Amino acid sequence: MTNFNTALFVALATAAASCAGQENDRPDATSADTLNAKNEVVPHLKSGAAVRFNHEMRAAVDAGEDGVVELIIDERYDEGRLDIEAVATGGVSLSASSASTSMALAGTSRHIWDIYFTAEDNGVHYIDVRATVTVAGDVVGSRSYSVPVKVGNAAAPSAKSSAKVDRDADGNPIIIMEAEETGDE
């Protein structure tokens, strides 16, 4: 061993030995937690982690029709303000009243926001949503979410096959499908 490696080994061994005899007097603390001036555990919240989204389409919509998607926002703040901004992506336009909103955070935990839209054509389109939480004048975090909007045939449940599954003499699955012969060859 070189002198440097020996010195490094001794330093690490000494540090490990000094820590080995100490007990963890804060079993409820995690590595992400910190201690305040009163030696109390203060949990560390990941930025934006206290806001969650979900959504529901009110009804099936065809191209050119007005539609509504209900955005469900769950949060865990006792105070502050939640600012939400919606941006339509290609093929979708939003009602002016659906572009943004602001909500007071006062321990409610669940908020509902209706987003009114019109889609130009059938298919799956997206509305991007960004929420920003402000507490005591400071932005504490933000969260983004894309709402899929299914328009036209994309909104209809897929048709179920009329095929029937049966078993052959050896127990292997076989599919029995109805067919109509047209006589054209």
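The values are calculated or read from the model by the stated rules, or taken from the named source; none is laboratory data. In this text, all values refer to a predicted model and were calculated from it rather than measured experimentally. Glycine gets a Cβ as well: all are built from the backbone with ideal geometry, and neighbour counts include every protein chain shown. Accessible surface areas use protein heavy atoms only, side chains included; no ligands, DNA or RNA. Shrake-Rupley method; radii C 1.70, N 1.55, O 1.52, S 1.80 Å.
When 181, 70, 85 are compared by accessible area of protein heavy atoms, the largest-first order is 181, 85, 70, using a 1.4 Å probe.
For residue 88, the shell of other residues with beta-carbons less than 11 Å away shows a net charge of -2, using +1 for Lys and Arg and -1 for Asp and Glu. A full extension of the chain between residue 136 and residue 95 corresponds to an added length of 11.7 nm, given 0.36 nm per residue minus the alpha carbon distance. Summing charges over neighbours of residue 132, with a neighbour being any other residue whose Cβ is under 9 Å away from its Cβ, gives +1 when K and R count +1 and D and E count -1.
I want the local charge near residue 54. Using Cβ-Cβ distances under 11 Å, sum +1 for each Lys or Arg and -1 for each Asp or Glu among the other residues.
-1
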